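Enquirer: Please find one structure pasted underneath; my questions will follow.
A short reminder: the numbers here are calculations on the coordinates, not readings from a lab. Note that this is a predicted model, so its numbers are computed, not measured. Cβ placement follows ideal geometry from the backbone for every residue including glycine, while neighbour counts extend to all protein chains displayed.
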Amino acid sequence: MTRRYYCPNLPLKGGKVALLDTEAQHAIRVMRANAGDGITLFDGQGNEADATIDAVTRRECFCSANPSTRPNRESTTSLHLGIALPKPDRCRELIERLTEIGVRTVTPVVAARTQREPSAALLEKLRRTVIEACKQSGRNRLMTIQAPVTTATFVAEPAVPSETRWIAHPNDECEDVLRSPPASRPDEETKSYLVAVGPEGGWTDDEVALASQHGFQCLPLGNRIYRIETAAVVIAARLL
């Protein structure tokens, strides 16, 4: 079980710090933490520090943190996924996997065939899932979950330099480039990808045409039709 805790107010030069309520409750009630225990704190922005628990009460956990370090565990590839999220009971595992793999940003897309727009409560739960996945996997930078947008808004997102744009959609004229994605060299600048993954039932012809107008190319994923979460994880794993 992890001894890593999310601490957004981590003192970078070291010092005293109290865990957030949810993190303190995890340390106290689940991990049975005691004064003198060694733990690791991370702030979600890339910083990490060894720390020692000074005191524990019924609801609070106080620590002394060492000066922080910035171990590099991020991919040199920047992947932003726009996903028409599946039903809530399937969302948690999707977000967990994408966080572990190293996706930088997820934007929930409300597509023409989306059955239900994600609620604020669901998004809050998914952001908590990101924290838990980072604690487990050793990732120190939180994956960002943005506010939901329409397909038109997502595909019109301003391009960044050297960005590749794909929309997951079967097309006999397009090569399955994920079979052998271009490898990055250690001295190469960050590669950026903006990829759209559609809802159950797929994108409409109008959505695919609109994406094409904004520089997206169709990205086929082989001979089978995947669930939303499978398609997103396959894309992320191949690129990262």
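Enquirer: Roughly what angle does helix 120-137 make with the longest principal axis of the chain, taking Cα atoms, 0 to 90 degrees, to the nearest 10?
Expert: With both axes taken from Cα atoms, the answer is about 70 degrees.
Enquirer: Return the single residue from Glu207, Glu157, Glu132 with maximal mean-square fluctuation; model: Gaussian network over the chain, springs between Cα atoms under 10 Å.
Expert: Glu157
Enquirer: Nearest 10 degrees is fine. How inclined is helix 228-239 to the longest principal axis of the chain, computing both from alpha carbons?
Expert: 80
Enquirer: Quote the Stokes-Einstein diffusion coefficient, in whole µm² s⁻¹, for segment 1-113, based on the Kirkwood radius over alpha carbon pairs, a temperature of 10 °C and a viscosity of 1.306 mPa s. Could you put the intermediate results ahead of the total?
Expert: Working: Rh = 16.0 Å.
It comes out at roughly 99 µm²/s.
Enquirer: Over segment 1-112, what is the percentage of antiparallel beta bridges among all DSSP beta bridges, to the nearest 5?
Expert: Roughly 70 percent of the DSSP beta bridges within segment 1-112 come out antiparallel.
Enquirer: Trypsin sites (Lys or Arg not before Pro), restricted to segment 49-158: which are DSSP loop and have at most 15 other Cβ atoms within 10 Å? Don't skip to the answer; put the middle values down first.
Expert: Working: sites: Arg58, Arg59, Arg73, Arg90, Arg92, Arg97, Arg104, Arg113, Arg116, Lys125, Arg127, Arg128, Lys135, Arg139, Arg141; in loops: Arg58, Arg59, Arg73, Arg104, Arg113, Arg116, Arg139.
Passing both the DSSP loop test and the Cβ count: Arg58, Arg59, Arg73, Arg113, Arg116.
Enquirer: A follow-up question, please. Using only Cα atoms, figure out Rg for the chain and give it as a multiple of 2.2 N^0.38 Å.
Expert: Compared with the compact-globule rule of thumb, the chain sits at 1.14.
Enquirer: Would you work out which of Gly46, Thr76, Val56 lies farthest towards the positive end of the dipole of segment 39-80? Charges go on Cβ: Lys and Arg +1, Asp and Glu -1.
Expert: Sorting the options by dipole projection puts first Val56.
Enquirer: Select from Leu81, Leu142, Leu210 the residue whose mean-square fluctuation is largest in a Gaussian network model of the chain (Cα-Cα springs shorter than 10 Å).
Expert: Fluctuation is largest for Leu210.
Enquirer: What base-10 log of the normalised intensity I(q)/I(0) is obtained for segment 190-240 from the Debye formula, alpha carbons as equal point scatterers, at q = 0.19 Å⁻¹?
Expert: With one equal scatterer per Cα and no solvent, log10 I(q)/I(0) is -0.72.
Enquirer: Return the distance in nm (one decimal) between the two label points of a simple spin-label model at Gln25 and Ala121, each offset 7 Å from Cα along Cα→Cβ.
Expert: Output for this residue pair reads 1.6 nm.
Enquirer: Further question: Determine the percent antiparallel among the DSSP beta bridges restricted to the chain, to the nearest 5.
Expert: Bridges in the chain are about 40 percent antiparallel.
Enquirer: Which of the listed residues, Ser137, Thr153, Ile101, is farthest toward the dipole's positive end in segment 57-178, when Lys, Arg count +1 and Asp, Glu count -1 at the beta-carbon?
Expert: My answer, from the dipole projection, is Ser137.
Enquirer: Let me ask something else. Report the number of Lys pairs in the chain whose alpha-carbons are under 22 Å apart, with separation of 8 or more residues or on distinct chains.
Expert: Lysine pairs, 8 or more places apart or on different chains, close enough: 4.
Enquirer: Using the Cα centre of the chain as the reference point, and only Cβ charges (+1 on K/R, -1 on D/E), how large is the resulting charge dipole? Debye, rounded to the nearest 20.
Expert: 920
Enquirer: So how far apart, in nm, are the two label points at Asn223 and Thr204 if each is 7 Å from Cα heading toward Cβ?
Expert: For the pair Asn223/Thr204, the computed spacing is 3.3 nm.
Enquirer: If you don't mind, another one. Using only alpha-carbon positions, what ratio does the radius of gyration of segment 86-130 give when scaled by 2.2 N^0.38 Å?
Expert: Computed over Cα atoms of segment 86-130, the ratio equals 1.13.
Enquirer: Could you state the angle between the C-alpha long axis of helix 88-101 and the longest principal axis of the C-alpha atoms of the chain, as a value from 0 to 90 degrees rounded to the nearest 10?
Expert: 80
Enquirer: Could you work out how far the C-alpha centroid of segment 14-72 sits from that of segment 99-150, in angstrom?
Expert: 24
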